[in-house]
Amino acid sequence: MAIPHAKPGEVVDVRPLGAALASAQTKTLVRAEQVEVIRLAVPAGKEIEEHKAKGGTVVQCLEGRVAFTAFGQTQSLEAGTLLYLPTGEPHSVKGVENASLLLTILLPKH
């Protein structure tokens, strides 16, 4: 069964999850030809090993706090902050507190 994604024109709620964050799962919200939007749930202590995205990526912290490593340095991302990664930039994430991140990936044309 395919995972449902938002349809064009459909309103998507990306407000902080609050108490529901502890049990939240990562979910793709929008998938189209050149963009993918994902709400990434990162529990405290969870590490996402170094990897590369398929396109330029905007990472926005919606709630909580993560340690985000890219460009050879680790920075704290907390609610209300964002950063941009160019295509192929190696990066990793570690949950400092339970957190949710909104990832907007700008995919290359096929």
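The values are calculated or read from the model by the stated rules, or taken from the named source; none is laboratory data. Quantities reported herein were computed from a predicted structural model and do not represent experimental measurements. Cβ sites come from the backbone with ideal geometry, for glycine too, and all protein chains shown count toward neighbours. What goes into the accessible areas is simple: the full protein's heavy atoms, side chains included, and nothing from ligands, DNA or RNA. Shrake-Rupley method; radii C 1.70, N 1.55, O 1.52, S 1.80 Å.
Give segment 78-110 a look and list any residue that's modelled with pLDDT of 95 or more and at positive phi, or say none.
Listed by number, the list holds a single entry, Gly80.
Yes/no matrix, rows are residues, columns are (1) in a loop (DSSP other than H, G, I, E, B); (2) among the β-branched types (Val, Ile, Thr); (3) in contact (Cβ under 8 Å) with a residue 60 or more places away in the chain:
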site: Lys54; (1), (2), (3): yes, no, no
site: Val59; (1), (2), (3): no, yes, no
site: Val66; (1), (2), (3): no, yes, no
site: Thr74; (1), (2), (3): no, yes, no
site: Leu77; (1), (2), (3): no, no, no
site: Leu83; (1), (2), (3): no, no, no
site: Ser92; (1), (2), (3): no, no, no
site: Glu97; (1), (2), (3): yes, no, no
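In segment 1-46, which residues are open to solvent by less than 60 Å² (accessible area, probe 1.4 Å), farther than 14 Å from Glu63 by Cβ and either in contact with a Cys (Cβ under 7 Å, 6 or more places away or on another chain) or not hydroxyl-bearing (Ser, Thr, Tyr) (or both)?
Within segment 1-46, His5, Ala6, Val12, Leu29, Val30, Ala32, Val35, Glu36, Val37, Ile38, Gly45 meet the criteria.
Could you tell me which residue of segment 54-110 is least open to solvent (accessible area, probe 1.4 Å), considering only residues that are more than 14 Å from the chain's Cα centre (by Cα) and hydroxyl-bearing (Ser, Thr, Tyr)?
Per the criteria, the residue is Ser76.
Please find, among Ala41, Ala19, the residue that is touching a helix residue (DSSP H, G or I) at 6+ places or on another chain (Cβ under 8 Å) and not hydroxyl-bearing (Ser, Thr, Tyr). Steps first, answer last, please.
Details: Ala19 fails: touching a helix residue (DSSP H, G or I) at 6+ places or on another chain (Cβ under 8 Å).
Checking each option against the conditions leaves just Ala41.
Thr87 passes all but one of (1) of a type in the set (Ser, Thr, Tyr); (2) in a strand (DSSP E or B); (3) touching a Gly at 6+ places or on another chain (Cβ under 7 Å); which number fails?
That leaves (2) as the condition not met.
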